[in-house]
1. Would you point out the residue of segment 209-222, among those that are surrounded by fewer than 22 Cβ atoms within 10 Å (Cβ to Cβ) and not charged (D, E, K, R), that is farthest from the ligand (Cβ to nearest atom)?
2. If a residue has to be touching a Gly at 6+ places or on another chain (Cβ under 7 Å) and surrounded by fewer than 16 Cβ atoms within 10 Å (Cβ to Cβ) to count, how many in segment 82-92 make the cut?
3. Identify all residues within segment 13-42 that are touching a strand residue (DSSP E or B) at 6+ places or on another chain (Cβ under 6 Å) and outside any strand (DSSP E or B); write none if there are none.
4. If we scan segment 93-105, do we find a residue that is in contact with a Gly (Cβ under 9 Å, 6 or more places away or on another chain), within 19 Å of residue 35 (Cβ to Cβ), among the hydrophobic types (A, V, I, L, M, F, W, C) and buried (at least 18 other Cβ atoms within 10 Å of the Cβ)?
5. Consider residue 199 against the criteria (1) within 16 Å of the ligand (Cβ to nearest atom); (2) part of a helix (DSSP H, G or I): it satisfies all of them except one. Which criterion is unmet?
6. Checking the conditions here, which among 102, 123, 139 is more than 24 Å from the chain's Cα centre (by Cα), within 24 Å of residue 70 (Cα to Cα) and of a type in the set (A, V, I, L, M, F, W, C)?
7. Within the group 4, 61, which residue is out of contact with any Asp or Glu (no Cβ under 6 Å at 6 or more places or on another chain) and either basic (Lys, Arg) or in contact (Cβ under 8 Å) with a residue 12 or more places away in the chain (or both)?
8. Go through segment 223-305 and tell me which strands (runs of 3 or more DSSP E), entirely inside it, have 2 or more residues that are within 16 Å of the ligand (Cβ to nearest atom).
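The values are calculated or read from the model by the stated rules, or taken from the named source; none is laboratory data. On a predicted model such as this, the values are computed, not experimentally measured, just so you know. Here Cβ is always computed from backbone atoms with ideal geometry, including for glycine, and neighbour counts include all displayed protein chains.
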Amino acid sequence: MSEIGGMNILTLAQTYGTPLAVYDEGALRDKLKSFTEHFRSDSFKTDVVYASKAFNCMAMIQLIEEYGCCLDVVSGGELYTAYKAGYDCSKIFFHGNNKTPAEIKMALDLGVGTIVLDNEMEAAELVRQISGTDKKINAYLRVNPGIEAHTHKYIVTAHVDSKFGISMLDEEDIVNVIRMVSSTDNITFEGIHAHIGSQIFDKKAYSELVKKMFAFASKLKNEYGFDVTGVNLGGGFAAYYTDEDHPIPVDEVCAEIIRTCEEENAKNGNQITRVLIEPGRSIVAEAGYNLYTIGYIKKTPNKLYAFVDGGMSDNIRPALYQAKYDAFIAGKENDEVSGTYTIAGKCCESGDILIQSIALPEVKTGDILVMKTTGAYGYSMASHYNKLPLPAVVFVKDGTAREVIERETYEHLISLEKQEVNP
Ligand SMILES: Cc1ncc(COP(=O)(O)O)c(C=O)c1O
């Protein structure tokens, strides 16, 4: 692979410098098209809600709007970016376990369509702010269904201590929140939300979730009389990072979810009129590539290091949860493998290793290393550790690149600092 989005990788590195985050815009569009085409039913309204925490910037949000998707934001910052991108705020779902009063106010002022409530105190704050105004908002409540799904396994637990949502076992608390928000005409309680994990490879985890959510929605209606019409199933759709990963194709996982939802809905009297999913990673991960320039090469008794000009500051995932990645050297794709390298970043942390072990052709100073599948939770989790400026972000399509986020400069890094430190 010598090109991304029809543009030569070495040209991209030369033009924009490194480290550089590159997105294949065609691949982003293909994923959005696939989700919106396959997540459809004749029995209820469906919505794909992009979880923008995976990669939130104005250019990305504009693509989301183009494909008619809704948007999940979890902070005032993500919300502000969407607003500035010209995104229709009525299609926003505002998430988070600790939305501050100021963030709730901002959501109401900007006309956010839906708030996903996390807890009773938050619900009370929303009711306090909205009552007596002419503002309106829809509400979902995040529930914890006791299913945890990660990679190849999912487990059904009675885990009641998650920081997110309210456990289905704490039915009284759930009922209290719904009663509280239903007490004002300004809030329309629409339904329940759950998110059970990330990198889910097992379709059955979703079927299990659907069954629990539909049964619980039905219980809330039959036993308490609440008009629950929406079920939001969260994200967690897997991406391909290395050959250890076998993500379920989008059409298959969507078909499985839709089929189970239709079955469960029929069983429960077709009470649900809207079903939503919130993919983040699966939309952006595989479209993204991080380009680095190789610096020095170092041999230790047991390792052969190749150092790069970025690291945990632009991609924390390997250090944070031992995430694995594949990579190649641009222009040497067909060269014979010469050794096993450890790709290390330039940050002052022994844990700043991007790839523990990878077979590559001979790596030389000045080579461009291309890390694959870096589009999710890379740039969005980046930091200024060691005062490294954030990389530029470029979208490439049909051989043309456009810079969607500029590279930070040293000036940006100190722009908020007071010059007169010792007045
Ligand atoms: C509420 C919610 N929805 C959606 C997502 C997106 O998950 P993923 O990127 O794994 O699809 C997350 C991720 O943390 C989440 O917390």
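1. 222
2. Final tally of qualifying residues: 1.
3. Scanning segment 13-42 gives 13, 16, 18, 19, 25, 26, 35, 36, 39, 40.
4. Checking segment 93-105: at least one residue is in contact with a Gly (Cβ under 9 Å, 6 or more places away or on another chain), within 19 Å of residue 35 (Cβ to Cβ), among the hydrophobic types (A, V, I, L, M, F, W, C) and buried (at least 18 other Cβ atoms within 10 Å of the Cβ).
5. Answer for residue 199: the failing condition is (2).
6. From the options 102, 123, 139, the qualifying one is 123.
7. Within the list 4, 61, the selection yields 61.
8. 230-232, 274-277
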